[in-house]
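Below is one structure, written out as structure tokens, with a few remarks after it.
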Amino acid sequence: MKEWTSQFNPFHSLKVLAWRDCFEAIMKGEIPAPVAVTLDSTNVCNLKCTFCHSYAFRKENQKTASKEDLLWVADILPDLGVKGCCYSGGGEPFLHPDSGIVMRRLKDNGIAVGTITNGTRIDKFMEDILYSCRWIGVSVDAANPDTYKELKGGDANEFYRVTTNLRTLARKRKDNRSPSIGFKYLFHPKSYHELHDAVRLAKSLGVDDFHARPCFGEGIMWEKQMIIDALESINVAQGMFEDENFHVYGVTHKFDETFHKKVLDKCEITPIAGLTFAADGYVYCCCDLRSEDQGRLCKWRDILDVWGSDKHKEVLKNIDPKKCPVRCTYAPYQEILEKVFREDRMTYNFP
């Protein structure tokens, strides 16, 4: 299966080869500065996605960060050496009334900003997104109101609010088409057959990217023929719908051939990509470890003291990937560390 038609795209994990200094620092036993972090504004959400990996965590942690704490993080990220911040959430980030102020502060502090949202409240922060964001990923996950309701718990009005918000955002952009807009589509055994309809819808809205990846986890069963059909649909869609301004990405390299997570023996990557300021007030080593004891590093306002400390090293050493939750976002980065830098399979010191 062909994940994309051009290797120069935002979903290619090999882009982290640009972080060579960070990988070499890890091999020396050092903790390099985080290249990118995740900042959660709230664990509250206005939808009920059947495949939500954060549901159990959110149910027990209906927390929302204060404006003061969010702005504090935005102001100290340059001191940590951070280059990019994903403004996101265990829930829906734009339920926080101060989202626009926070994103603008990040931007003004020289931090590249991206955001992941369900899209229902983009209209409340349209100008802030246009000013602040390098990219926005909108989790639509359906091609029509019926599937949207079945899988995400939202009614037809919410589905059409999301698509209207996407169309309006795309039209309001300037000639540089910034921020880039992604229509995110987690395809499910109940929706993978609607993939072409979803791609057609995404293109009609004027977005840049259609980002498809499989749902997986407890209760989600993929039969072999379903997987074959889903992957073939992505490749057919690339041929049918792609043009200079619209691309279809089927991101499957983070999963095994049965659409389950790859299980690693160790994880050393979290310092440079995984650091998450969660809405419960704790900093976690990885976005996939929100609420997990093994990933909890410190309180938000202790991060400057804890970063690179013996405590930090001890927490990282004790992370067991086999005990991680259902997904592993950064598994490919660990593979790159092992195969490119430790084993030097690409002879990276040569052109």
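The table below lists the values:
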| quantity | calculated |
| --- | --- |
| Longest to shortest principal axis, alpha-carbon extents of segment 210-351, angstrom | 53, 46, 32 |
| Dipole magnitude of segment 13-342, debye to nearest 20 (Cβ charges: Lys/Arg +1, Asp/Glu -1, about Cα centre) | 300 debye |
| Charge context of Pro332, other residues only, Cβ under 14 angstrom, K/R +1, D/E -1 | +1 |
| Calculated [θ] (222 nm, deg cm²/dmol) that DSSP helices of n ≥ 4 give over the chain, each run adding -39,500 (n - 2.57) | -10000 deg cm²/dmol |
| Neighbourhood charge, 15 Å Cβ-Cβ cut-off, centred on Val102 and excluding it, Lys, Arg +1 and Asp, Glu -1 | -3 |
| Percentage of interatomic Cα-Cα distances in segment 1-107 larger than 24 Å | 45 percent |
| Entries of Lys124/Lys190; Lys59/Lys323; Lys15/Lys172; Lys59/Lys152; Lys261/Lys339; Lys59/Lys261 with Cα pairs more than 26 Å apart | Lys124/Lys190; Lys15/Lys172 |
| Percent breakdown of C-alpha pair distances by 5 Å bin, ordered from the shortest bin, for segment 112-155 | 5, 21, 26, 18, 13, 12, 4, 0 |
| Most positive-pole-ward Cα, Ile319, His253, Thr276, against dipole of segment 206-351 from beta carbon charges | Ile319 |
| Volume in Å³ per residue [convex hull over Cα atoms, computed for the chain] | 137 Å³ |
| Relative contact order (%) - the chain, alpha-carbon pairs under 8 angstrom, separation at least six | 19 percent |
| For peptides 4-11, 331-338, sequence by mean Cβ density within 10 Å, most packed first | 331-338, 4-11 |
| Segment 237-281: mean projected area of Cα convex hull, nm² | 6.5 nm² |
| Listed residues Val283, Val207, Val306, most fluctuating in the chain (Gaussian network, C-alpha, under 10 Å) | Val306 |
| Segments 269-277, 296-304 sorted - mean Cβ within 10 Å per residue, highest first | 269-277, 296-304 |
| Burial ranking of peptide ranges 103-111, 195-203 (average Cβ count within 10 Å, highest at the top) | 195-203, 103-111 |
| More than 21 angstrom apart: percent of Cα pairs within segment 119-198 | 30 percent |
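Read-outs: derived from the displayed coordinates by stated rules, not from any lab. As the structure is a prediction and not an experimental result, all values here were calculated from the model. So basically every Cβ, Gly included, is an ideal-geometry build from the backbone, and we count neighbours across all protein chains shown.
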